Structure formats: C-alpha cells, structure tokens
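Here, each number is a calculation from the coordinates, and none is a lab measurement. Computed from a predicted model, the values in this text were never measured in an experiment. Virtual Cβ from ideal backbone geometry, glycine too; neighbours counted across all protein chains shown.
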Amino acid sequence: MLGIVFTSLVEMLEEKASPEFADEVINEAQLENDGAFTAVGYYPFSEMKKLLDVLMEKTGKSADELLHEFGVYLFGRLSQSHGQVLAGKESLLDMLQYLDGDIHVQVRKLYPDADLPRFTVKSRTDKAMRMRYYSERDLYALAEGLLDGAAAFYNCNITRETIKTGEPHTYEFSIQVTG
Ligand code: HEM
C-alpha cells in the first residue's frame, strides 16, 4: 500500500485527536518500521490492519466506521496533493466516470506499484450512477468515505447505497446527486 495512505492516516489522527494519540496508536500497533512512513514508500497492507485494530480498540468504532471517516479525510488530502489528476473533471459523476480509466491510471503512472481497485460504471444518468468496485482488500468502506469526501469537494449532496454482489470482493455503489 502506498505510503501516502499511511501518512494521511497519521495526519488525520494528529489533527482530529492529537499528536500524542497518533504516537500511542503507532506504538501499540508495533509496526515493522515504528511508523516512519514516507508518502512515496510502499508498506504491507497488514500494517494498515494493525493500525485499524488498535484504533478499533481505542475508539470503540468498527473498522467500517474508521475506514469511512478516513476515506473522507483522504479524499481531501489527495485532492490537495494530486489535484492535477482531477483537472477537467467538473462534477462528481464525471470524476467517478473517469476514476478507473483516467484518474487511477494517472496514479499508476506516478506510482507503478500502487495497489489500485477496479471500478466499472454500470449505468449513468445526469443525476445518478451505479458503479461496481472490486478489490481483494474489500475496502468498500474506504471507498464510501472517498465518495463522501469527493461529494463535499464538488459541493454536492448525495444519497448512496452499497450492495454486496454475489461475486467475491465485489460491491456496487448506487449514487444519486440530490443537490
Ligand atoms: C484525487 C483523486 C484520487 C487519487 C489521487 C487517488 C489515488 C489513490 C492512491 C494513491 C491509492 C493507494 C494505492 C495503494 O494502496 O498503493 C488509492 C487507493 C484507493 N482508491 Fe483512489 N484516488 C482518488 C480518488 C478515489 C475515489 C474518488 C475513490 C472512490 C470511490 C477511490 C477509491 C480508492 C480505494 C477504495 C482505494 C484503496 C485500494 C483498494 O480498494 O484496494 N479513489 N487511490
């Protein structure tokens, strides 16, 4: 998993809780590198799971709640650090339509070892979209947070629903723009 995901999580903990809380979480997670992440390094996904386990224990929140909260924050960070990949995407649904074929493609050019999920657009109208998400990591709750963060970025309100499909590691997001 790309380092920017880890550095963003640590920043979120520092900002939303405190630097001391972030340190405590890192120490208790007993990470291989003691939490010395760089944005452009790569680290095993198991390290992220260790951080989530400690956070679940400390906050009483579920992994899904934590991943959602982190996804909202992460979109804000990514749109700041990688704003160029959003160029020309004027609305939430346009951005989502080109997430797989353009945005994550640009991300892969920058970071060839990034482990990116697959998205397929199943249907799209002016105000609604249904998209399929596939990842062996099943980070649908992170994706939901990224969706909500992106809606805030594009100044729009959405309602959405997540459907687990019958296929392994595959989910569908049904998104309606309501205002
Ligand atoms: C500015 C726009 C975006 C950028 C620059 C970006 C970039 C990235 C990067 C760098 C990763 C980490 C890859 C790794 O683990 O090595 C990632 C993962 C991911 N991205 Fe994006 N992303 C963007 C928008 C979105 C949006 C809007 C969604 C929401 C649906 C999304 C869904 C995901 C998910 C769920 C992952 C975790 C990997 C997995 O599911 O297995 N991304 N993205």
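Let's test this: bin the Cα-Cα distances of segment 88-177 at 5 Å from zero up to the farthest pair and state each bin's percent.
Result, from short to long distances: 3, 13, 25, 27, 19, 9, 3, 0 percent.
Relative to the longest principal axis of the chain, what angle (0 to 90°, nearest 10) does the C-alpha long axis of helix 45-59 take?
80
Just going by the charge dipole of the chain, with Lys and Arg at +1 and Asp and Glu at -1 on Cβ, which of Ala63, Leu116, Leu9 is farthest out on the positive end?
Leu116
Which one, Glu65, Glu24, Glu11, has the greatest fluctuation when you compute a Gaussian network model over the chain with C-alpha springs under 10 angstrom?
Of the options given, Glu24 has the highest mean-square fluctuation.
Could you list the trypsin sites (Lys or Arg not before Pro) in segment 136-179 that lie in coil according to DSSP, counting only those with at most 14 other Cβ atoms within 10 Å of their Cβ?
In loop regions of segment 136-179 (DSSP not H, G, I, E or B), the sparsely surrounded trypsin sites (Lys or Arg not before Pro) are Arg137.
Please report the relative contact order for the chain, taking Cα pairs under 8 Å with a sequence separation of at least 6, and give it as a percent rounded to a whole number.
Relative contact order, the chain: 21 percent.
Let me check I've understood the local charge: for Ser174, count other residues with C-beta under 13 angstrom from its C-beta, Lys and Arg +1, Asp and Glu -1. What total comes out?
Here the charged neighbours net out to +4.
What does the chain give for Rg and for Dmax, in Å, if only its C-alpha atoms count?
Just the Cα atoms of the chain yield Rg and Dmax of 16.3, 48 Å.
For the Cα atoms of the chain, what angle does the longest principal axis make with the long axis of helix 19-29, in degrees from 0 to 90, nearest 10?
Between the helix axis and the principal axis of the chain, the angle is about 80 degrees.
For the peptides 139-149, 75-85, what is the packing order when you average, over each peptide's residues, the other Cβ atoms within 10 Å and list the highest mean first?
In decreasing order of mean packing, 139-149, 75-85 become 139-149, 75-85.
Going by how many other beta carbons lie within 10 Å of each one, how would you line up Thr125, Thr170, fewest first?
Thr125, Thr170
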